[in-house]
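First up is the structure itself, then whatever we jot down about it.
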Amino acid sequence: MRFVAHILVTFLSVFWASAQEDIVWLHPNKGQWHPNIEYQVDLASGKMYVEKDGFTYHFYENPKKDHDHTHEKGIAHEDETDGHLKQHVVRSRFAGSNWKKETVTTTTSGFYRNYFLSPDTDGWVSGLHSYGSVTMKDFYPGIDLQMDGSDGQLKYSFIVAPVTSPQQIKWDVEGASSIQIDKEGNLVIETTLGNIKESKPVAWTIKNGQKIPVEVEFKKNKQQLSFHFPNGYTTSDTLVIDPYLVFSTYTGATSDNWGMTATPGPNGEMLAGGISFGAGYPISSGAFDPSFNGGTPNNNISGFDVSISKFSDNGSQLLYSTFIGGAANELPESMITTTNGDLYVLGITASANFPLSGTPFQNTFRGGPTATHNSLRFLGSDIFVLKLNEQGTQLLASTYVGGTDLDGLNISNLSFNYGDQYRGEIILQGEDVVIASHSRSANFPVTNGSTLKGLQDMVAFKMNNNLSQMIWSSYHGGTGEETGNSL
């Protein structure tokens, strides 16, 4: 006699489904994130974290006004200064779970991700493929937890072995504003950013290919939830329990990536550079307005890191995504590839722990005053220059370049178009790189004795191919303000 209980929950459209095969991917944690996380799933306005004993849903507000294309030259708006980001965290904790980290993964992604998110190379992780299906073996004794996103929606199932009772599956919900079972039998979890409604579950047994309905309902005991079968069922048959989980009424836009720059690869590939927003792993549950780890928030915009994605020559396949950053904010301004596919990136950073590699020309962040433009906040800024290998898996070289004022960030009156604050260019000259940017630092590293003449001057400099040596560097400007946008 074999009894298999198959408890199924389907997550609907809030999950971002990749254009590649329409799959919701589970991204594994191999040390790049908080140790509580086993897998991460991208939500429309937040993240879902799969953990050893449950799930954490982290929602944060990204209103459309965040990406406002209006701005005043060199002036931060009043509402951009409070540093708050509206968030809500709900946790589902499965009581009595004793998972021993045995996992079976299937549907491996064709792309992979690379993470350079700390100054410590031990925390750098590369070549991580994602999965369309993950089974956590013996999540409970005799019960596997399986998550599958292969049809463009994420579902999770409990697979219960013979003579194992599904009644041991119980979960506590933490951080909700309220938890109710309504008169239709739906489970309603209220948060400050909207409601999570789990529809009244339906269930059936399967025998000889036939589905036989089984009565099932949610049972709530204070904050703990379980499934209840008022009329029982035939335990020798397969049982499927099937509620639907829908996130609704969440304010704000769904996009959390802004494009900044792009360049072709040597074989026709396309590389795109931008910034990826994220609020970091939440420690507490409920609603909160933190200044979190993972970047510097501004009003209701979270912190951000550099994200670089490489696509095939016809744009149909994502080859890799690489995330680079420190504790504060950074963004890319220009990119160029070499003939063998290595990628140079020019950008700005406010992180004192930006990841450095090789023998950096400058290995310390020199900072500057806080500047906020187009809703993006920098607690000082230095230029960074870095070099990635063709696969995006190795940070071959990386360095700061800057003085003690703002470098690489244009806050002058020479800002007429959206994004003019974040311009500069890197080009190849033989095996070396030449860069155009701008600086407000009187002590920017120059080689020819030139001096800062105005509040902001253009700077141009040339570095060797491993970014360890400044070959030449100079200010260019008069007593007004200049920018270095192109070469």
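Screening the stretch 375-397 for residues that are buried (at least 23 other Cβ atoms within 10 Å of the Cβ) and not aliphatic (A, V, I, L, M) and picking the one that is farthest from residue 304 (Cα to Cα) gives 392. For the stretch 423-445, check the following and say yes or no: at least one residue is acidic (Asp, Glu) and under 13 Å from residue 384 (Cα atoms). Within the stretch 423-445 (the criterion being acidic (Asp, Glu) and under 13 Å from residue 384 (Cα atoms)), the answer is yes, since at least one residue qualifies.
Looking at the stretch 310-332, is at least one residue crowded, with 24+ Cβ neighbours inside 10 Å, within 14 Å of residue 273 (Cβ to Cβ), in contact (Cβ under 8 Å) with a residue 24 or more places away in the chain and small (Gly, Ala, Ser)? Looking through the stretch 310-332, at least one residue is crowded, with 24+ Cβ neighbours inside 10 Å, within 14 Å of residue 273 (Cβ to Cβ), in contact (Cβ under 8 Å) with a residue 24 or more places away in the chain and small (Gly, Ala, Ser). Scanning the stretch 3-57 for residues that are closer than 27 Å to residue 164 by Cβ, of a type in the set (Gly, Ala, Ser) and at pLDDT below 90 gives a single hit, 5. Test residue 407 against the stated conditions and say whether it is under 30 Å from the mean Cα position of the chain (by Cα) and acidic (Asp, Glu). For residue 407, the condition - under 30 Å from the mean Cα position of the chain (by Cα) and acidic (Asp, Glu) - is met. Scanning the stretch 388-444 for residues that are under 27 Å from residue 118 (Cβ atoms), part of a loop (DSSP other than H, G, I, E, B) and of a type outside the set (A, V, I, L, M, F, W, C) yields a count of 13. Scanning the stretch 165-192 for residues that are surrounded by 19 or more Cβ atoms within 10 Å (Cβ to Cβ) and part of a loop (DSSP other than H, G, I, E, B) turns up 169, 175, 176. Would a scan of the stretch 314-331 turn up a residue that is at pLDDT below 90, in a strand (DSSP E or B) and over 22 Å from residue 386 (Cβ atoms)? Within the stretch 314-331, not a single residue is at pLDDT below 90, in a strand (DSSP E or B) and over 22 Å from residue 386 (Cβ atoms). Of the residues screened, residue 464 is not one that is assigned by TED's automatic domain parsing to the domain that holds residue 336 and surrounded by fewer than 16 Cβ atoms within 10 Å (Cβ to Cβ). Taken over the stretch 134-164, the residue count meeting the criterion of being touching a residue at least 60 places away in the same chain (Cβ under 8 Å), more than 29 Å from the chain's Cα centre (by Cα), surrounded by fewer than 20 Cβ atoms within 10 Å (Cβ to Cβ) and on the phi < 0 side of the Ramachandran plot is 4.
Do you know which of the residues in the stretch 82-131 that are closer than 21 Å to residue 58 by Cα, of a type in the set (Gly, Ala, Ser) and in a strand (DSSP E or B) is modelled with the lowest pLDDT? The qualifying residue modelled with the lowest pLDDT is 92.
Considering only residues in the stretch 107-132 that are over 30 Å from residue 352 (Cα atoms) and touching a residue at least 40 places away in the same chain (Cβ under 8 Å), the one that is surrounded by the fewest Cβ atoms within 10 Å (Cβ to Cβ) turns out to be 110.
Has the stretch 228-242 got any residue that is at pLDDT 80 or above and aliphatic (A, V, I, L, M)? Looking through the stretch 228-242, none of the residues is at pLDDT 80 or above and aliphatic (A, V, I, L, M). Within the stretch 383-395, does at least one residue satisfy the condition of being among the small types (Gly, Ala, Ser) and at negative phi? There is no residue in the stretch 383-395 that is among the small types (Gly, Ala, Ser) and at negative phi.
The values are calculated or read from the model by the stated rules, or taken from the named source; none is laboratory data. Predicted model, so just to flag it, every value in this text is computed and none were measured. Neighbour counts are summed over all protein chains in view; Cβ atoms, including those assigned to glycine, are modelled from backbone coordinates with ideal geometry.
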